[in-house]
Amino acid sequence: MTSVAKILLHFYRRSNASTSLQIFSERVMMNKYQALFLLSITLLSVKDIFTNGSHAASSHEDDNEFKEFGDEPSIVDQDEEIEVREQSHFSAPSKFSANSELPAVRFSFCVSCGYRQAYEDFARIIREKYPSIQVDGANYPPSQMRALVAQFVGISKIVLIVIVITGRNPFPGFGMETPAIVNWMLTNKFSACLMIFMLSNTVESSMMSTGAFEIYVGETQIWSKIESGRVPSPPELLQAIESQLEIQGAKMSDAFSFE
């Protein structure tokens with residue numbers, strides 16, 4: 001009986017050791033996946049900070065290029081979808097004098113609001129109507145305060161994620177009681193990092209959105225979505241461009257017509 005008991009005990013210990021090793025391996029694999037996921041979140045957060053910083057820096061260049069920017073109130077309108085009708089229904093290509101020097105048409109729009117497609121549609125329509133005109137487009141920068149807030153949120157996001165990943169609690173070092181939410185975050189690292197990443201990205205996106213769709217002929221602004229609350233229809237835009245070109249002395253033929 002003693003020998004049988006020893007054999008059974010031996011197999012029991014081996015079975016427990018095998019089970020423990022399997023559980024340990026599974027935990028190691030889960031920790032690796034979680035570490036890779038958290039690392040990807042951190043890298044994306046760093047990328048967002050540099051992106052927001054570049055937007056803030058470019059605002060000064062845009063102010064020099066477009067003197068009208070900077071003092072206008074920002075109205076965020078992310079849910080609006082801009083639809084542009086086909087150009088061929090209301091206009092025909094115009095002919096200009098070979099010696100005419102046409103000022104460029106410039107669009108400044110909110111990229112984060114999804115207005116790039118609308119810009120490309122308008123640019124195509126303008127080029128069909130005025131083949132020799134230059135059409136440019138760029139992101140409308142948020143105010144400096146909003147850009148700084150977005151950058152601060154991005155930096156705070158990285159700091160919080162690092163604290164959660166390393167498991168270091170800074171509150172006892174300052175002689176403060178640890179808040180319950182911090183204890184939860186340190187206990188549930190994966191969920192906490194995911195929550196921090198999503199919430200901070202939402203705030204950053206709202207800070208960088210302006211809802212702008214501003215249009216210029218040369219240095220003269222001919223349309224502002226911030227002021228009017230809407231984008232122009234293609235006939236309105238072409239009429240505004242034609243009027244401004246006439247004011248600026250562009251030589252145009254009698255081929256201008258709007259059906």
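The values are calculated or read from the model by the stated rules, or taken from the named source; none is laboratory data. Since the model is a prediction, treat every value here as computed from it, not as a measurement. Neighbour counts run over all protein chains shown; Cβ positions are idealised from the backbone, glycine included.
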Those residues of the range 126-159 which are in contact (Cβ under 8 Å) with a residue 12 or more places away in the chain and more than 26 Å from the chain's Cα centre (by Cα), in sequence order | I126, E128, K129, Y130, P131, S132, I133, Q134
For residues that are in contact with a helix residue (DSSP H, G or I) (Cβ under 8 Å, 6 or more places away or on another chain) and assigned to a helix (DSSP H, G or I), scanning just the range 177-194, find the one that is nearest to G167 (Cα to Cα).
-> L186
Scan the range 129-149 and give yes if some residue there is surrounded by 13 or more Cβ atoms within 10 Å (Cβ to Cβ), out of contact with any helix residue (DSSP H, G or I) (no Cβ under 8 Å at 6 or more places or on another chain) and in a helix (DSSP H, G or I), otherwise no.
-> no
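For the range 185-201, does any single residue satisfy the condition of being closer than 25 Å to Q117 by Cα, assigned by TED's automatic domain parsing to the domain that holds E120 and under 32 Å from the mean Cα position of the chain (by Cα)?
At the first step, the residues of the range 185-201 found to be closer than 25 Å to Q117 by Cα are 201.
If we keep only those that are assigned by TED's automatic domain parsing to the domain that holds E120 too, we end up with none.
Taking every residue of the range 185-201 in turn, none turns out to be closer than 25 Å to Q117 by Cα, assigned by TED's automatic domain parsing to the domain that holds E120 and under 32 Å from the mean Cα position of the chain (by Cα).
Which of the residues that make up the range 103-147 are aliphatic (A, V, I, L, M), in contact with an Asp or Glu (Cβ under 9 Å, 6 or more places away or on another chain) and more than 21 Å from E227 (Cα to Cα)?
Correct list: A104, A123, I125.
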